[in-house]
Amino acid sequence: MTLMRIGILGTGNVGQALASAWARAGHDVVLGSRRPDDPELLAELKELGASGLRVDGPAGAAAHAEVLVNATPGTASVALLHTIGAEALTDKIILDVGVGFLEDGSLSHPGVSLGEEIQQAFPATRVVKTLCTIDRKVMIAPESLEGPATVFLSGEDTGAKEVVRGLVGDLGWSDDALLDLGGIATARGQENFALLFTGIATATGTYEFGIRVVLPTSGGSGLDH
């Protein structure tokens, strides 16, 4: 395991869960918030702070990070990254977990993914989309499921995907659970799964589930129809 400096944009449930898990694995984690000195926020993060995690502004978290995690609401992610600036994000790996929702529950990026929007806005940044098809609790505890599940990777940079693969592994996911879908355009499928995710959660009464890609025993007949 290679220990890394990780910055996490977003101090909500997902950001906190990932920060705690990666810190336990030995990584140097900084949480980035637009209100890092807010007493109410610091009180909310008291337990994480007691374990050694620091809270900084978005720019400070980005400056700290080898890998910057976007765990902000998808409707605000690109604007927040613009406040950090393209120069500060050059050559950074952005691990994008975000999905954008409108007030009516529909996706804010129906024709293009948030992952693609980030990559287009910051072409010198290495964007990898992952972890957005599972609940925050399952993200950091795959062993809580009754059986194996699949986590997806989308991105243009092979090296960045290998780094992200390692970090997802540090959350407890086995290497064979990770499926590389290809370029960043495939992030559309990951994000659109959010609609099916909501339907499954409603039908089962829980957000704590995974999905598994199951291949035919014979290897199948390829993509030809």
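For every residue, the table says whether it meets (1) out of contact with any Asp or Glu (no Cβ under 6 Å at 6 or more places or on another chain); (2) more than 21 Å from A71 (Cβ to Cβ); (3) surrounded by 14 or more Cβ atoms within 10 Å (Cβ to Cβ).
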residue	(1), (2), (3)
D135	no, no, yes
A141	yes, no, yes
F152	yes, no, yes
V164	yes, no, yes
T202	yes, yes, no
Single unsatisfied condition, F197 versus (1) among the aromatic types (F, W, Y); (2) assigned to a helix (DSSP H, G or I); (3) without any contact (Cβ under 8 Å) to a residue 60 or more places away in the chain: (3)
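Taking the stated definitions as given, is L81 crowded, with 22+ Cβ neighbours inside 10 Å and either in contact with a helix residue (DSSP H, G or I) (Cβ under 6 Å, 6 or more places away or on another chain) or among the hydrophobic types (A, V, I, L, M, F, W, C) (or both)? Steps first, please.
Working: crowded, with 22+ Cβ neighbours inside 10 Å: yes; either in contact with a helix residue (DSSP H, G or I) (Cβ under 6 Å, 6 or more places away or on another chain) or among the hydrophobic types (A, V, I, L, M, F, W, C) (or both): yes.
Spelling it out, L81 is indeed crowded, with 22+ Cβ neighbours inside 10 Å and either in contact with a helix residue (DSSP H, G or I) (Cβ under 6 Å, 6 or more places away or on another chain) or among the hydrophobic types (A, V, I, L, M, F, W, C) (or both).
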Matching residues, the range 204-220, being open to solvent by 90 Å² or more (accessible area, probe 1.4 Å) and closer than 15 Å to L179 by Cβ: R212, V214, L215
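Using the structure shown, decide if L31 is under 20 Å from T130 (Cβ atoms), assigned to a strand (DSSP E or B) and in contact (Cβ under 8 Å) with a residue 12 or more places away in the chain.
Against the criterion (under 20 Å from T130 (Cβ atoms), assigned to a strand (DSSP E or B) and in contact (Cβ under 8 Å) with a residue 12 or more places away in the chain), L31 qualifies.
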Taking the condition of being over 24 Å from L178 (Cα atoms) and part of a helix (DSSP H, G or I), how many residues in the range 107-137 meet it? 2
Just for the range 41-78: of the residues that are of a type in the set (S, T, N, Q) and surrounded by 16 or more Cβ atoms within 10 Å (Cβ to Cβ), which one is modelled with the lowest pLDDT? T75
Filter result for the condition that a residue is in contact with a Ser or Thr (Cβ under 8 Å, 6 or more places away or on another chain) and touching a residue at least 60 places away in the same chain (Cβ under 8 Å), over L114, L153: L114
Residues that are open to solvent by less than 40 Å² (accessible area, probe 1.4 Å), small (G, A, S) and either over 19 Å from the mean Cα position of the chain (by Cα) or under 18 Å from A160 (Cα atoms) (or both): does the range 17-38 have at least one? no
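The values are calculated or read from the model by the stated rules, or taken from the named source; none is laboratory data. Only a predicted model underlies this, so the values are computations on that prediction, with no experimental measurement involved. FYI the Cβ positions are ideal-geometry reconstructions off the backbone, even for glycines, and counts take in every protein chain you see. Please note that ligands, DNA and RNA were not included when accessible areas were found on the heavy atoms of the full protein model with its side chains. Shrake-Rupley method; radii C 1.70, N 1.55, O 1.52, S 1.80 Å.
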